[in-house]
Amino acid sequence: PMTVRVLLALAGGLALGTLAAASGSATLVHLATGIEPVGTLWINAIRMTVIPLVVALIVTGVAGQAGAHRLGRLGVAAFAAFVVLLLASGVLSAVLGPLFLTGLTVPPDVAANLRAGAGQTMSGVTHVPSLVQRLVGVIPANPVKAAADGAMLPLVVFTLVFALALRALQTGRREPLVNLFQAVADAMLVLVRWVLAVAPVGIFALAAPLAARMGTGATTALLQYVAALAGTMIVCIAALYPVATLVGKVALRRFALATAPAQAVAFSSRSSLAALP
């Protein structure tokens with residue numbers, strides 16, 4: 001199964017990077033870190049499918065629905081469920097996080113590397129937007145720019161409003177465009193399957209450089225942090241399975257099998273956008 005292959009690739013990449021770091025050989029470290037562009041290409045390949053796929057699915061899901069009343073009730077229920085589950089998982093994580101992270105020690109050299117990486121990531125961020133700025137930004141002045149910047153929430157809002165407007169058109173004028181977006185969604189799902197077929201290669205190429213850079217001195221701290229993070233997420237995820245079964249009326253085994261590939265991609269790539277398709 002794909003989930004097993006991805007997890008094996010993750011373990012193999014971490015093992016290769018750890019061995020390269022432990023050997024002290026600059027050649028082996030260079031070899032382990034040199035494959036990182038392959039992983040970056042894979043991440044870019046799967047992320048490029050996100051925006052067209054999300055837009056196409058929203059348009060077909062809203063404009064293609066038969067009953068406006070049913071669609072409205074579904075939207076309200078989905079929003080309410082999202083808010084409740086988000087708050088519940090946030091509270092649960094705030095309680096479990098400190099318990100899991102008690103006693104976590106990070107070697108000074110590893111901490112320095114992490115701070116340096118965070119500094120590079122945040123170098124383009126000038127300030128954190130206020131709540132008012134975030135609310136204003138929900139309505140994009142330029143939907144194309146929102147798509148180019150990867151601003152998902154403004155893009156989703158525009159797409160939703162566009163789909164509602166499309167829905168207001170007469171059937172003869174609406175159907176050709178809905179069919180076009182349905183074809184786009186179908187094609188993007190085929191593309192996603194192609195990209196996921198090489199997921200083990202991309203995951204391996206992401207894990208090996210990470211382990212090689214962290215070094216053997218970070219093994220204990222990294223494993224403890226991963227265990228704490230995974231433990232918190234496992235508790236939160238496990239709490240959602242009864243919700244899906246009882247509220248969503250979906251068989252537990254069917255739901256677990258359906259979500260496993262996306263969870264494996266999310267865990268190994270550390271990217272919610274990569275797991276979204």
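A few points about this structure:
- With a Förster radius of 35 Å applied to the beta-carbon distance between M233 and T40, the computed FRET efficiency rounds to 0.90.
- The phi-based Karplus calculation (6.51 cos²θ - 1.76 cosθ + 1.60; θ = phi - 60°) puts the 3J(HN,Hα) values of the stretch 19-33 at 5, 5, 5, 6, 6, x, 8, 5, 5, 5, 5, 5, 5, 5, 7 Hz, whole numbers, x for Gly and Pro.
- Peptide packing: for 168-176, 25-33, 240-248, the average count of neighbouring Cβ atoms within 10 Å per residue gives the ranking 25-33, 240-248, 168-176, highest mean first.
- With a 1.4 Å probe rolled over the protein heavy atoms of all chains, the accessible area of R193, R5, R254 falls in the order R254, R193, R5, largest first.
The values are calculated or read from the model by the stated rules, or taken from the named source; none is laboratory data. Computed from a prediction, not measured in an experiment: that's the story for all the values here. Every residue, glycine as well, gets a Cβ built from its backbone with ideal geometry; the counts of neighbours run over all protein chains shown. Note: accessible area is taken over every heavy atom of the protein model, side chains too, but ligands, DNA and RNA are not part of it. Shrake-Rupley method; radii C 1.70, N 1.55, O 1.52, S 1.80 Å.
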